[in-house]
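Peer 1: Take this structure, written in structure tokens, and hold onto it; I'll ask about it next.
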Amino acid sequence: MTPMSPRNRWRIAAASLVLSLHSATVMADEVSVAVAANFAGPLARIAEGFSAASGHTLKVSVGSTGKFYSQIVSGAPFEVLVAADDETPKKLIAEGHAVAGSNFSYAIGQLVLWSAQPGYVDDQGAVLASGRFTKLAIANPKLAPYGQAGLEVLKAKGLGEVLGAKLVTAESIAQAYQFIATGNAELGFVALSQVVVPGKPVTGSYWRVPTTLYGEIRQDAVLLKPGEKKPAAAALLAYLKSAPARAVIQAYGYGL
């Protein structure tokens, strides 16, 4: 008999966990989740549905994927990583810090150029070449995929060297958003999910950057070793694939 692959074993386990979400036999538990800053808002909404369906709750830490990688390798007891890229989960699996076959893409990220000032950013992004700003916020490209995507946009438009001196580097995309929201930077690159929040009016102005100007931001989730034998952790990953979760993800402007 041909041995079952780790990914197929994971799929079977995930399907079983979906069926058990409503079962009274599942003990309510808490899942420790490290989530990329761009997905903090959607995860908060998803957590409500997950808790209602399963009884489990989430203990969420928000930050940059690169920083979480370092913490996980150093022994941080996170059970699930909801990353801003697909490379970090793969790397964690290869290095023995995550469960083989448990990684999957839950969303495709969308980059925007945003300003808290209405009318400041035009719908073609021409403001970048205008020179009428002093600071452009961007998440640390070494830690945050959205920061790397922002640099790719500047390079694609031939503005990398011209605007280099105006870049304000944030630790995460959440901090980049704060720099812009507080006026410490007139504009900057953030995630669409931070700007277009379901049920709330859009603040300021933004340009939805064409995906041809940066590499695809494929975001993966993965079961980490501390959560390997924890049904609630695997149940959360299964729930991320469910119709209710996918509806929330799409509502925040992500691709699937």
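Peer 1: Is it true that some residue in the range 168-184 is farther than 30 Å from Arg45 by Cα and surrounded by fewer than 19 Cβ atoms within 10 Å (Cβ to Cβ)?
Peer 2: yes
Peer 1: Something else about it: I'm trying to understand the selection: among the residues of the range 80-98, which are open to solvent by 20 Å² or more (accessible area, probe 1.4 Å) and in contact with a strand residue (DSSP E or B) (Cβ under 6 Å, 6 or more places away or on another chain)?
Peer 2: Matches in the range 80-98: Asp86 only.
Peer 1: Also: Please state which of the following conditions Val31 fails to meet, knowing it meets all the rest: (1) within 16 Å of Ser193 (Cα to Cα); (2) in contact with a strand residue (DSSP E or B) (Cβ under 9 Å, 6 or more places away or on another chain); (3) not hydroxyl-bearing (Ser, Thr, Tyr).
Peer 2: Here Val31 clears every test but (1).
Peer 1: Given the conditions (1) at pLDDT 95 or above; (2) open to solvent by less than 60 Å² (accessible area, probe 1.4 Å), which single one is not true for Thr65?
Peer 2: Of the numbered conditions (1) at pLDDT 95 or above; (2) open to solvent by less than 60 Å² (accessible area, probe 1.4 Å), the odd one out for Thr65 is (1).
Peer 1: Just to verify a result, which residue in the range 156-167, among those that are over 19 Å from Gln110 (Cβ atoms) and of a type outside the set (A, V, I, L, M), is most open to solvent (accessible area, probe 1.4 Å)?
Peer 2: Glu161
Peer 1: Identify all residues within the range 99-124 that are surrounded by fewer than 19 Cβ atoms within 10 Å (Cβ to Cβ), part of a loop (DSSP other than H, G, I, E, B) and of a type outside the set (A, V, I, L, M); write none if there are none.
Peer 2: Gln117, Pro118, Gly119, Tyr120, Asp122, Asp123, Gln124
Peer 1: Out of (1) open to solvent by less than 50 Å² (accessible area, probe 1.4 Å); (2) of a type outside the set (A, V, I, L, M, F, W, C); (3) at pLDDT below 95; (4) over 21 Å from the mean Cα position of the chain (by Cα), the odd one out for Pro141 is which?
Peer 2: Pro141 satisfies all of (1) open to solvent by less than 50 Å² (accessible area, probe 1.4 Å); (2) of a type outside the set (A, V, I, L, M, F, W, C); (3) at pLDDT below 95; (4) over 21 Å from the mean Cα position of the chain (by Cα) except (4).
Peer 1: Report every pair of residues separated by at least 6 positions or lying on different chains whose Cβ atoms are under 6 Å apart, first residue within the range 192-206 and within 17 Å of Ala149 (Cβ to Cβ) and touching a residue at least 40 places away in the same chain (Cβ under 8 Å), second open to solvent by 40 Å² or more (accessible area, probe 1.4 Å) and not β-branched (Val, Ile, Thr).
Peer 2: Here the result reads Gln194/Tyr177; Val195/Tyr206, each pair linking the range 192-206 to a residue that is open to solvent by 40 Å² or more (accessible area, probe 1.4 Å) and not β-branched (Val, Ile, Thr).
Peer 1: Let me ask you something else. Within the range 200-247, restricting attention to residues that are β-branched (Val, Ile, Thr) and crowded, with 20+ Cβ neighbours inside 10 Å, which residue is nearest to Tyr177 (Cα to Cα)?
Peer 2: Val209
Peer 1: Another one. Listed residues Ser32, Ser102, Ser54; which is hydroxyl-bearing (Ser, Thr, Tyr) and closer than 26 Å to Tyr177 by Cβ?
Peer 2: Ser32
Peer 1: Consider the range 166-176. How many of its residues are without any contact (Cβ under 8 Å) to a residue 40 or more places away in the chain and hydroxyl-bearing (Ser, Thr, Tyr)?
Peer 2: The number of residues fulfilling the criteria is 1.
Peer 1: Would you please name the residue that is nearest to His56 (Cα to Cα), looking only at residues in the range 203-250 that are polar (S, T, N, Q) and part of a strand (DSSP E or B)?
Peer 2: Top of the filtered list is Gln219.
Peer 1: Against the condition within 13 Å of the chain's Cα centre (by Cα) and part of a loop (DSSP other than H, G, I, E, B), how does Gly253 come out, does it pass?
Peer 2: Judged against the criteria, Gly253 is a match.
Peer 1: Out of Gly131, Gly160, I need the residue that is touching a Leu at 6+ places or on another chain (Cβ under 7 Å), modelled with pLDDT under 95 and not polar (S, T, N, Q). Which one?
Peer 2: Gly160
Peer 1: Quick check on Arg218: is it within 16 Å of Ser115 (Cα to Cα) and not aromatic (Phe, Trp, Tyr)?
Peer 2: Criteria not met by Arg218.
Peer 1: Now, a different point. Filter the range 46-61 for residues that are under 24 Å from Ala243 (Cα atoms), open to solvent by 20 Å² or more (accessible area, probe 1.4 Å) and not in a helix (DSSP H, G or I) and give the result.
Peer 2: Gly55, Thr57, Leu58, Lys59, Val60
The values are calculated or read from the model by the stated rules, or taken from the named source; none is laboratory data. Because the structure is predicted, anything quoted here is derived from the model rather than measured. Note: ideal-geometry Cβ built from the backbone for every residue, glycine included; neighbour counts use all protein chains shown. Heads up: the accessible areas ignore ligands, DNA and RNA and are worked out on the full protein's heavy atoms, side chains in. Shrake-Rupley method; radii C 1.70, N 1.55, O 1.52, S 1.80 Å.
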